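Below is one structure, written out as structure tokens; the observations come after it.
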Amino acid sequence: MSRVYNFSAGPAVLPEEVLKEAAEEMLDYKGTGMSVMEMSHRSKAFEGIIGDAEKTLRELMNIPDNYKVLFLQGGASQQFAMIPMNLMKNRVADHINTGQWAKKAISEGKLYGKINVLASSEDKTFTYIPDLKDLKISDDADYVYICHNNTIYGTKYNDLPDTGDKILVADMSSDILSEPVDVSKYGLIFAGAQKNIGPAGVVVVIIREDLITDDVLPGTPTMLKYKIHADNNSLYNTPPAYGIYICGKVFQWIKNKGGLDAMKKINEEKAAILYDYLDSSSMFKGTVVKKDRSLMNVPFVTGSDELDAKFVKEAKAAGFENLKGHRTVGGMRASIYNAMPIEGVKALVEFMKKFEEENK
Ligand SMILES: *Cc1c(COP(=O)(O)O)cnc(C)c1O
């Protein structure tokens, strides 16, 4: 068996310890004589799995008691519709446009009401986070929506917009659990699992209790009501059970590593290795304004499409997978989520140095 360094933006690398544990438990989960994939979601064993997963996530993120944690399906993209269906009482929302995922949320929101785009970084291909001072939050907005880490462009919010008494909603699909967050600043946080948490098929929603009501837009399907899932502890119907089991193991893995403070420290260390090299290289350049650089997704270019392609090809041959940039952006992107070991980043930088030397 040989594992590569997988820099995929998602589905992404998972901790090796977690995969090994899951492999050991594949045929017989803790004496039940069956795999978690085969067990009833109403069983004691699965109740333990989902209960522990939630408990550990609450500990890690220090989630206040007046927030619910939901394990849902439909990916992050389904939240683009579920959020307006459940929260758009006035049919107005304020959004900040910082990239493709932010844009998709805007277009989906428009199916349900009026979307005000308060600020955008599209003028410079989303290479920065717009200035958040003097944002004119709309009086009639039901919520303000941001994409906290922009997976494709490699930017992240270091500050939050001052939304006053308006609900702040954040897509944290690609940076949840990468550093501590003050959950109380948000009305709703959501994250598709396949970047920094676990397998695709699960989306985690952290939502303040007062936002969970029956007062949803007419025609909202039962399955898309937060309330039905909150009332049933994410067990209204069969949940993505195996995915939740792996998520729980990843939460535990993070806890064993020292929690989110420890994650932040190691993530900053990992990102600095790559960014410092990009800043010193005469071949490779980072594409993002320094102050808005993501700790998770690091896009870079050589300036030549041929050289970019050559780099991606040779990197792959050397065991560095999925370094090609998003199809809409080109260049390269290294996603260095929690589960990417520091050795992987160091090895990548050594490889980049060698490539630079050989292709001067
Ligand atoms: C990947 C991603 C999504 C989409 O996730 P799906 O689970 O494929 O719907 C949405 N937002 C962000 C920030 C992402 O990185």
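The values are calculated or read from the model by the stated rules, or taken from the named source; none is laboratory data. Small disclaimer: the values here were computed from a predicted structure and weren't measured. Reconstructed Cβ throughout: ideal geometry from the backbone, glycine too, with neighbour counts over all protein chains shown. These area figures cover heavy atoms from the full protein model, side chains too; ligands, DNA and RNA do not enter into them. Shrake-Rupley method; radii C 1.70, N 1.55, O 1.52, S 1.80 Å.
Of the conditions (1) of a type outside the set (Ser, Thr, Tyr); (2) part of a loop (DSSP other than H, G, I, E, B); (3) open to solvent by 10 Å² or more (accessible area, probe 1.4 Å); (4) away from the ligand (no atom under 16 Å from the Cβ), residue 195 fails just one. Which one is it? Unmet condition: (4). No other residue among 164, 219 is modelled with pLDDT under 95, surrounded by fewer than 17 Cβ atoms within 10 Å (Cβ to Cβ) and over 20 Å from residue 252 (Cα atoms) apart from 164. Among the residues of region 9-32, is there at least one that is more than 16 Å from the ligand (Cβ to nearest atom), of a type in the set (Val, Ile, Thr) and part of a strand (DSSP E or B)? The answer is no, given that none of the residues of region 9-32 is more than 16 Å from the ligand (Cβ to nearest atom), of a type in the set (Val, Ile, Thr) and part of a strand (DSSP E or B).
Taken over region 47-84, the residue count meeting the criterion of being over 17 Å from the mean Cα position of the chain (by Cα) and within 16 Å of the ligand (Cβ to nearest atom) is 3.
Of all the residues in region 219-254, those that are of a type outside the set (Phe, Trp, Tyr), over 13 Å from residue 203 (Cα atoms) and in a loop (DSSP other than H, G, I, E, B) number 9.
Here residue 201 clears all of (1) assigned to a loop (DSSP other than H, G, I, E, B); (2) modelled with pLDDT of 95 or more except the condition numbered (2). Entry remark, region 167-192: residues being open to solvent by 30 Å² or more (accessible area, probe 1.4 Å), over 20 Å from residue 251 (Cα atoms) and either within 14 Å of the ligand (Cβ to nearest atom) or under 16 Å from the mean Cα position of the chain (by Cα) (or both) number 0 in total. For region 99-139, the candidate set comprises residues that are among the aliphatic types (A, V, I, L, M) and away from the ligand (no atom under 14 Å from the Cβ); within that set, the residue that is surrounded by the fewest Cβ atoms within 10 Å (Cβ to Cβ) is 111.
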